[in-house]
Every structure is written in structure tokens, then in C-alpha cells.
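First comes the structure, then the notes that go with it.
The values are calculated or read from the model by the stated rules, or taken from the named source; none is laboratory data. Predicted model only: the values in this text are computed from it and were never measured. Glycine also receives a Cβ, built like all others from the backbone with ideal geometry; neighbour counts cover every protein chain displayed. Only protein heavy atoms, including side chains, enter the accessible area calculation; ligands, DNA and RNA are left aside. Shrake-Rupley method; radii C 1.70, N 1.55, O 1.52, S 1.80 Å.
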Amino acid sequence: MSAPAETSVTDQSDVVLAVAASSPSADAAVAPAALGSSRRYRNVRDTVLKWSAGVHWDLVFALPILAIVALAAIAPGALTSGDPLDANPRESHLPPGPEHLAGTDLLGRDVLTRIIYGTRYSVLIGLGASTLGVLLGLLVGLGAAVGPRWLDRVISRFVDVVAAFPGLLLAMFLITFTGRGAGNLVLALGVGALPQYARLIRANAFVTLGSGYVEQAKTFGLTSRRIVWRHVLPNALGALPIMITIGLGGAIIGSSALSFLGLGPQPPAAEWGLLLAESRTYLRQAWWGAVFPGVALTSVVVAATVLGQNLQRRYERRDR
Amino acid sequence: MTTISDPAAQTGQAAKTGQPAQTGQPRPTAEPAQSAQPSQPGLSTIEDAPATSTGGRARTLAWLITKRLGSALLVLWIAVTLTFLAVHIAPGDTVSLLLGENRDDPIARAQVISRWGLDQPIWSQYLTYLGRIPSGDLGVSYTLRRPVAELLAQGAAPTLILTFAATVTSLLIALVATLINTAPVRGLRAATSGIQLVVLSLPPFWLAILLLTVVSFGWGWFSIVDQNSWQALVLPTLALAIPMGFYLTQVLSDGVFRAIEQPFAVTARSRGLGPAAVRYRHAFRHAALPAVHLVGLSVGGLLGGAVIVEQIFGRPGLGQLAVSAVTVKDVPLILGVTLVSTAAFIAASTVVDLIGIVLDPRLRRTQGAPA
């Protein structure tokens, strides 16, 4: 019966892999005896493993991207000397080269410079929408959890209704009334993200209300208002940055999608969705115009998601 | 999610102590040996859990279905009310809002006023609005100068076909990908989670553009020139289904991995079942239910995604109507599109929930209990 025993070991390390990002430690415990390698090799290997065990490789990838993105959003001039609006008809649709690392668009504008300057739109709209959604969700979700029973029912039903409008269509419906533009995009996407956050915050608040320390606070005679201020609200607030980070990726995709449809910032703004919409027509002549903004968009979303998941894992471990 | 995962946890705990889960319930002691046997704790609780007699069971089932349908209608009604409020709260004169560029046309103005009852008190306007919708009278689109209902009747079919095809395809993708993803191969999960992350982070419209360029223009496959051919449906479907399929894969795989850590999986292993068999025979079924529930929710995302995909592939449909309505502020048209797709979404999630209620007795037991 040695074979099943072995596979169960692999199964476990499979699980270890999932729980902690540092799997090598599990290997190190099992492997050395089996390997007939020299002591020196083992020493080197163990040192390397020890050093790399604490490293989150996903963060090594994500954090530099986010740092560059933050820099590009705050001070795009630091990353490029070019002007995103500097058109030069003679240099229309130049392929990527030493002069223009990501090529030029139809009007001869440098694509890389436009991507760098466009970061501000995409990231700020995404951040704004994600933050607005979380704040609205906090208001609505806490109201439901803390308020009287009838209020919870009314709010929960309301949240169900908002969730019943299919994603982007709710945003488009709102934009019909508010008009286009960056601010209205933030509003529409924030309202659209309300249900997911409100439900999460409500559920978390109920967990806090049912926890041992709240029980104890009640036996000490704390009023429910003080319990809300001292336990429920701080708990909910603590999780907000994580929620905003996790929601950021989706909000950036949503904002660039709406901009792609022409409902966000208007040309000649260099918003990434708009860049994709403009270059789409000339895809066969100039692939670079549509490929590089998409790569930028995808890597930012990946990086934000990785960071959000890491923060969440860390936060959840705190509770145990 | 909590209503789904809670009973699963209970089942696991019951299996750990070797007790059937329904300890609190009086039950006939006809098959004590069988249900105390810890080999299939999941199954035994599923069969024993619902009410004692078949009559009671049928009644609760019928009642739950009625309740679910009732709440779907309630949500739809409130959604309709919210759209009514949106039109009236929106800044500016309601008549001009509904008329758009025709606001100076006295005949059109009189028509809109009588159709919406705008010279009546607000509650009467609301009743008029509620009364008109079931009869399919959604007003006239001033840009396209045709009744909204007529436009919707033409646009709904292609969008619903696309959404349905994408739902089925994303389920297929999720099944195959989860089979691969959860195979008991060491290190596989770390590798696939990276791929999943990237695919899930792809902006759907960018994926659609890439598919169109590479597959259709580059390789010449699945031409979209003839919109009525099946080829034209392939790429839009994939553009919608790939992200959704990977999303479902994530949920399904998580469920499988959670299930194989549970005591019933360990028990199955101790009976001599291989790791693969445990996954495919036991864990998969366990993980399927949350995923099925999610399919209902994902229809909303697909309907929203269809807006963009239709735009990129030049497909006629609700998405095209929505985009043109938003761009020129055609309020009656966007109202119609929103109402139709919201109704479709509510219908889809209701059907999926009903399937869940019928298939899984644990949902019946926990429904209505505080989460």
C-alpha cells in the first residue's frame, strides 16, 4: 500500500501550495533524505529555499507594475518626454522602433506616450468607481445589518433589484440621463458595483454582531449604539481598502469598456478604452495601436487583482 | 453563497462524528445501519433531510417555488418602478427628455403627453406606465422613429441567442477546464492559476478585437460578413464565453478542492478510491451546485457583455440599440432595452434557482433561515 500513501503526500502538498504561497518548505522537509546529493549542494539549496520561502513571487510581479502605474498617473512627464497630443501626419502608423517604442497611431502620435498619459483616466476612474461603490455599499450594508429588521428587508430587496439590472446596461441607463464624461462614468460604475459590496459588508457585519466579543460587550451592558461604533464599524472599515483593491480590476475594465463605447472621456483624451476604439479600424495596417493599450490594461488588472488577493489572504489570516 | 456552503459544512461535521446530520429530527429507524455507515454521508443526508412524508415534501417544494416566483415578480416590479422614478427624477423637463431632438415638434409633444399621461398627477402617470408595459407599449424611439416594442422584438432574438450560446459554451469550457485543473497532478494548480488570472483580467472587448483580428481576418475562419450564418455566431460567442468559462472554472475548482479536504472524501479514499476517482465521482458533484447557481448570476454579465461584443462584431441586437440610445439620449429606447434585458436576467436566475431547489434538498431546508 505504498502507492496510495505517496499520492496522499502529493495531495497534501497540493493543499499546502494553495494555502501558503511558499510550497518549497514542504518539499525541503521530505526530499533531502531521498536525494543522495552532497551536503554542500543541500546547504546551498536550503539557503536559497530559506530566502525564497518568504518571497511572494506574484507580488514581485505586481508591485513594480503598480508602482509604474502610480507614477504614470501622478507624473506622466517623468516617464516620457513626448506629448500625447503631438500629431505628426508624416509619421502616421509607424511600426514599433527605437524612435517610437510602441509605434505611432493614424495621426502620428506616439502610442507609448499616449498609453502613459492615459493611465490617469483609466486608473483614476477605476479607483473612483471602486471607492464610490464600496462607500455606498458600506452605507447600505451597515444600515441593513445594524438597523431594525424591516429596514434590513427593505434594503436587501433594494439591493436585489439593483443587482437585477445586467451589469453594463445599468451604467449605460444612468449615463443616458447624466451624460458622458469621466465623473458620470465614476457615478454609473459605482452605483453598479453597490450590490456586491453591500451584500459583503452586510454579511461581515452580521458575523461581527454574532461574535464572542460582541456577546461579551453586551453582557458588560454596552448599548447597541456603542457596539456599532466600537466593533461593527471599525471591523467594516478595516476591510475597505482590501475591497477597493479587489474591485479595482473590474472597475478599470468597466470604465475602459464604457469609454470604448464612447461614453467616457472624449477624444483626443488618451483613455485606454478610447485608444482601443480608435485603433480598432486600422488593426490590419497597425496592430500595435490595439495591442499595447490592451497589454497595459490587462497587466494593470492582473497586478491589482494579485495585490487585492494577497491583502485579503493576509487579512483573513489575522482573524485566526 | 453562505446558504450553499453552510449545509456542506454541516454534512462534513456530521461525517466526522459518524452521525447522520439530522440529529434533531425524529425519523423512522428503518435503515439505521445504512445511514450510520460513514461511506456516503453526503448522499444519506441529502436523502433524509427533507420533510418526513412525501405529501409534506411536495407542499414545501410547491410553496418554495411559488415563493421564488413571487419574489422574482416583486423584483421586476420594483425595477420597473425605479426606471419610472429615474425618468422623473432626471434633471430637466420630462416631456423634453422623452422627445429628445423632437422637442420643438408640437404634434409629437402632444402625443408624448397623452401616451405617458404627463398632464395627470404623478400616481396616475405611474399607473399608466405600469399598465402600458405588459401590453408591450414602450413608447416611440424618436431617433429611429419607430415603436420601441418593434425595435426590441427585432433586437432581442439575436442577443438572447448569443447569450444562450455563450452560457452553454462557458459551461463546457468550465467543465473541461475544471477536469484538467483539478487533476491530481502535482504543481498543476499553481501553473493553471496563473493562466486563469490572466484570462480573467483580459478586458472582454480587447479579447473580442483580438479574436476578430487573428481568427477572422488573419486565418479567414468564421467570417462575420453574413450575419445570419452560424459562422458569424462563433467568435462573438467565444469572446463572451471564454472569460465567463474561466470564472466558472475558478468557482468549480475551488469547490472541488474544498470538497476533497472534507471528511467524506477522506473516507472515500480510505475505502481504496484513487485520488482521481474521488475528485470526479464525489467532489465534482459537490462543487457543481454553487457553480450552477452562479450560471444564473452570470447571465447578467453576459447580457451586459453582449452590448460590447455586438458592437465589435457588428451584430444587430439589444446591444446595438442600447449604444445608439445612450449616445443620442433616446430615453424611451434605453428604457425598453433595460427593461427587456432585466426581465431576461431575472427569468434566467429564477429558472436556475428553481432547478437548484428541485435538485438539492439542502436548499429547501435552509431557505428562509438567517444566513
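Need the full-extension length gain, B:D254 to B:L188, defined as separation in residues times 0.36 nm minus the C-alpha distance. One decimal, nm. Intermediate results must be reported in sequence, preceding the final value.
Numbers: separation 66, 0.36 × 66 = 23.76 nm, distance 1.40 nm.
Result for the pair: 22.4 nm of gain on full extension.
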Relative contact order [Cα under 8 Å, 6+ residues apart], the range A:57-319, whole percent | 25 percent
Rounded accessible area of A:W272 (nearest 10 Å², 1.4 Å probe) = 10 Å²
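Using a 1.4 angstrom probe on the protein heavy atoms only, could you order B:T342, A:T245, A:T178 from most to least accessible area? Present the calculation step by step, with values, prior to reporting the outcome.
Details: B:T342 0, A:T245 25, A:T178 60 Å².
Ranked from most to least accessible, the order is A:T178, A:T245, B:T342.
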Could you list, bin by bin from short to long, the percent of Cα-Cα pairs of chain A in 10 Å steps?
-> 5, 19, 22, 20, 17, 11, 3, 0
Along Cα→Cβ, 7 Å out, is where each label goes; now give me the distance between the ones at A:H56 and A:T281 in nm to one decimal.
-> 4.4 nm
Residue-ordered couplings for the range A:223-235, obtained by feeding phi - 60° into the Karplus form 6.51 cos²θ - 1.76 cosθ + 1.60 and rounding to whole Hz (Gly and Pro as x), are 6, 5, 5, 5, 4, 4, 5, 8, 10, 5, 5, x, 4
What net charge do the residues around A:I155 carry, taking every other residue with its C-beta under 14 Å from that of A:I155, with Lys and Arg at +1 and Asp and Glu at -1?
-> +3
For A:G181, other-chain or 5+-apart residues with amide H closer than 5 Å (H placed, Pro excluded) are A:G264
Taking amide hydrogens as modeled 1.01 Å from N in the peptide plane, which residues meet the under 5 Å criterion relative to B:V140, leaving out close sequence neighbours?
-> B:V148
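Report the full-extension gain for the segment B:I65 to B:R132: residue separation times 0.36 nm, less the Cα-Cα distance, to one decimal in nm. It would help to have the intermediate numbers written out before the result.
On the way: separation 67, 0.36 × 67 = 24.12 nm, distance 2.80 nm.
Full extension from B:I65 to B:R132 adds 21.3 nm.
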With label points built 7 Å along Cα→Cβ from the Cα atoms of B:L297 and A:Y41, find their separation and express it in nm.
-> 4.9 nm
With all protein chains present, calculate the accessible area of B:S135 using a 1.4 Å probe and round the result to the nearest 10 Å².
-> 90 Å²
Given the options A:A87, A:A193, A:A290, state which has the largest fluctuation in a GNM of chain A using a 10 Å cut-off (strictly under) for Cα springs.
-> A:A87
Accessible solvent surface per residue of chain A, calculated while the other protein chains remain in place, 1.4 angstrom probe, Å² | 51 Å²
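May I ask you to order B:312-322, A:153-163 by the average number of other C-beta atoms within 10 Å around their residues, highest value first? Mind showing how you got there, number by number?
Working: B:312-322: 23.5, A:153-163: 17.6.
The peptides rank, most packed first, as B:312-322, A:153-163.
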With springs only between Cα atoms under 10 Å, which of A:I244, A:I74, A:I253 fluctuates most in a Gaussian network model of chain A?
-> A:I74
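Net charge around A:S259, counting only other residues with Cβ within less than 14 Å of its Cβ (Lys, Arg = +1; Asp, Glu = -1)? Each step should come with its number before you reach the end.
Details: positive: A:R114, A:R120, A:R180, A:R280; negative: A:E271, A:E278.
Charge balance near A:S259 sits at +2.
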Long-range HN-HN contacts of A:T104 with modeled amide H, under 5 Å | A:H93, A:L94, A:V111
Which part of the range A:140-162 falls in the paramagnetic zone of A:S224, meaning amide N under 19 Å from the point 7 Å along Cα-to-beta-carbon?
-> A:140-157
Each residue of the range A:259-272 in order: what ³J(HN,Hα) in whole Hz does its phi give by Karplus 6.51 cos²θ - 1.76 cosθ + 1.60, θ = phi - 60°, with x for Gly and Pro?
-> 5, 4, 7, x, 9, x, x, 9, x, x, 4, 9, 4, 5
Karplus 3J(HN,Hα) series, Hz, for the range B:78-90 with 6.51 cos²θ - 1.76 cosθ + 1.60 (x for Gly, Pro) | 5, 4, 4, 4, 4, 5, 4, 4, 4, 4, 8, 7, 3
Could you compute the FRET efficiency for B:A90 and A:L106, with r as their C-beta to C-beta distance and R0 at 41 Å, rounded to 0.05?
-> 0.65
Are there chymotrypsin sites (Phe, Trp or Tyr not before Pro) in the range A:190-251 that DSSP marks as loop and that have at most 12 other Cβ atoms within 10 Å, and which are they?
-> A:F220
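From other protein chains only, count the Cβ atoms within 10 Å of every residue's Cβ in B:328-336, then give the mean.
On the way: counts 1, 5, 1, 3, 0, 1, 7, 2, 0.
Going residue by residue through B:328-336 and averaging, the value is 2.
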